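Reading through the C-alpha cells given below for one structure.
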Amino acid sequence: MAELTAVLASTHHPFYYKATTSPADQRPPYAADWQRKVEAYRETLTAAEPDILVMVGADHFHQLWLDNYPQFLIGKQESYDATFYNEEREFGIPKYTLAGDIELSRYMHEELLGKDFDFSVSHELKIDHSIICPIITVRPEADLPIVPIYTNIFVPPLPSPRRFYQVGRAIREIIDSFPSEKKVAAIGTGHLSLELGGPRQFGEHGPDPLFDADAIEWLSTGNVDAILDNVTHASMAGAGNATHGFMDLLLMMGIAGPGVHADYVDHLDLFHTREMYMTWYPNKTPGQLDAAARAAETSEASTGPIYASDPAWDQFRVSQEQA
C-alpha cells in the first residue's frame, strides 16, 4: 500500500513570489523574514521524500464561475497548465506545467464516489495560485506529479465545515489503501481570518487575530470537536469575508486525523493577514522529526501545538477589550 509521509496545511499568499524575488530595493520590509520562514517550512516536506502530491485548493473564479461551481472536484489529467494571466500580471507568478498522476486520480475519484462523496471530475483543469503558491513555497522544483482537488469556499450554499472534515478523513483512508509502493504527501492551502475588498482588508493586522489564535490551536491539536462546535459559515464571515478558506485547512486536519498534534507549526503576521505553516508526519521517522526541529530553530517555529492562551496573543485580547 501507499505511504502517507506528510500532511501540510498552510495559507497561500499570491504576493510571496514577487515579494521575495524582486530587486532588494523593491522588496517589502517583511520579505526577508517571510522568506526565511517559508524556506524553513519547505524542509518539512523535503524530509518526507514524497513521490506524489495530493493538493487541495480552490479556484478563485478563474475557470469555475457562478453558473457551474462544483462543491468538490478532482482533476484527472496527464498534465496541468498554470498560471492565469491576472496572476502573472498582478503577482508576477510564472507559468508552470505540472505532471499529473492519472492512476491515483482515477483510484481516488472512484473510491470517493464509493464512500458517497459525489466529486465532479475535470479533464481540462487549469491550476491557479491556490496550488501554485505551495508549489512555489515547498516544492519549487515542480518535479512531482500532482492530484489536484478543488473545493467550494466561495459560492453559497457552501458545504459545511463537518463535510470538509469528512472529505479529509475519506482522502486519508483512500491514500492508505492505494495499491502502490509510492510515498504520498498531502498539501492543502486556505486562509485564517481574511478580508478581501471589505473595510478590514488593509488593517494593522488580520481582521480577527483571536480567531487566528483559536484556529491555530484547534488545528495544531487536532481538536475537531472545538472547530465543529465553534466554526460556522456565519462565524467565519464575522471573522472576515474570505475566512471560509479555513475549511480547506480543516480538511487537511481531517487527513492528519482527529486528536493528532502537529509536528511543526509556524505563523507570521503580515499586517493585513496572518500566514500559517503546519506539518503532520503520520509515521514520525527520526529523520522527519530532526528536519522539523532544525526548521523550527531557523524559523523560530514550534515542533508541537501553539495554544491560544500563549501570551503572544495578549495584545490582541487587550485591543478587543478596549474596542
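The values are calculated or read from the model by the stated rules, or taken from the named source; none is laboratory data. Note that the coordinates shown come from a computational prediction; the quantities given were computed from them, not determined experimentally. Here Cβ is always computed from backbone atoms with ideal geometry, including for glycine, and neighbour counts include all displayed protein chains.
Laid out as a table, the results:
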{"read-out": "Checklist (1) modelled with pLDDT of 95 or more; (2) basic (Lys, Arg); (3) over 18 Å from the mean Cα position of the chain (by Cα) applied to Arg274, failing item", "value": "(3)"}
{"read-out": "Filtered residues of region 159-195 (kept if over 18 Å from the mean Cα position of the chain (by Cα) and either at pLDDT below 95 or of a type outside the set (Val, Ile, Thr) (or both))", "value": "Glu173, Asp176, Ser177, Phe178, Pro179, Ser180, Glu181, Lys182, Lys183"}
{"read-out": "Which numbered condition Glu204 misses (of (1) more than 23 Å from Ile131 (Cα to Cα); (2) in contact with a Leu (Cβ under 8 Å, 6 or more places away or on another chain); (3) not hydroxyl-bearing (Ser, Thr, Tyr))", "value": "(2)"}
{"read-out": "Residue that is farthest from Leu289 (Cα to Cα), among those in region 3-32 that are charged (D, E, K, R) and surrounded by fewer than 18 Cβ atoms within 10 Å (Cβ to Cβ)", "value": "Asp25"}
{"read-out": "Residue match in region 245-257 (condition: closer than 21 Å to Ile306 by Cα, under 17 Å from the mean Cα position of the chain (by Cα) and not in a helix (DSSP H, G or I))", "value": "yes"}
{"read-out": "Flag for Pro282 being closer than 14 Å to Ala47 by Cβ and either surrounded by fewer than 15 Cβ atoms within 10 Å (Cβ to Cβ) or in contact with a Cys (Cβ under 9 Å, 6 or more places away or on another chain) (or both)", "value": "no"}
{"read-out": "Failed condition for Gly259, given (1) of a type in the set (Gly, Ala, Ser); (2) free of Cβ contacts under 8 Å to residues at least 60 places away in the same chain; (3) under 25 Å from Gln315 (Cβ atoms)", "value": "(3)"}
{"read-out": "Neighbours by Cβ (under 8 Å, 6+ apart or cross-chain): first from region 67-95, more than 28 Å from Pro159 (Cβ to Cβ); second among the charged types (D, E, K, R) and in a loop (DSSP other than H, G, I, E, B)", "value": "Glu88/Lys95"}
{"read-out": "Condition check for Leu113: more than 15 Å from the chain's Cα centre (by Cα), within 23 Å of Thr44 (Cβ to Cβ) and not in a loop (DSSP other than H, G, I, E, B)", "value": "no"}
{"read-out": "Any hit, region 90-111, residues being crowded, with 19+ Cβ neighbours inside 10 Å, modelled with pLDDT of 95 or more and touching a Leu at 6+ places or on another chain (Cβ under 6 Å)", "value": "no"}
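Matching residues to (1) surrounded by 19 or more Cβ atoms within 10 Å (Cβ to Cβ); (2) part of a strand (DSSP E or B):
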| site | (1), (2) |
| --- | --- |
| Asp212 | yes, no |
| Ala215 | yes, no |
| Ile227 | yes, no |
| Asn241 | no, no |
| Leu268 | yes, yes |
| Tyr277 | yes, yes |
| Gln320 | no, no |
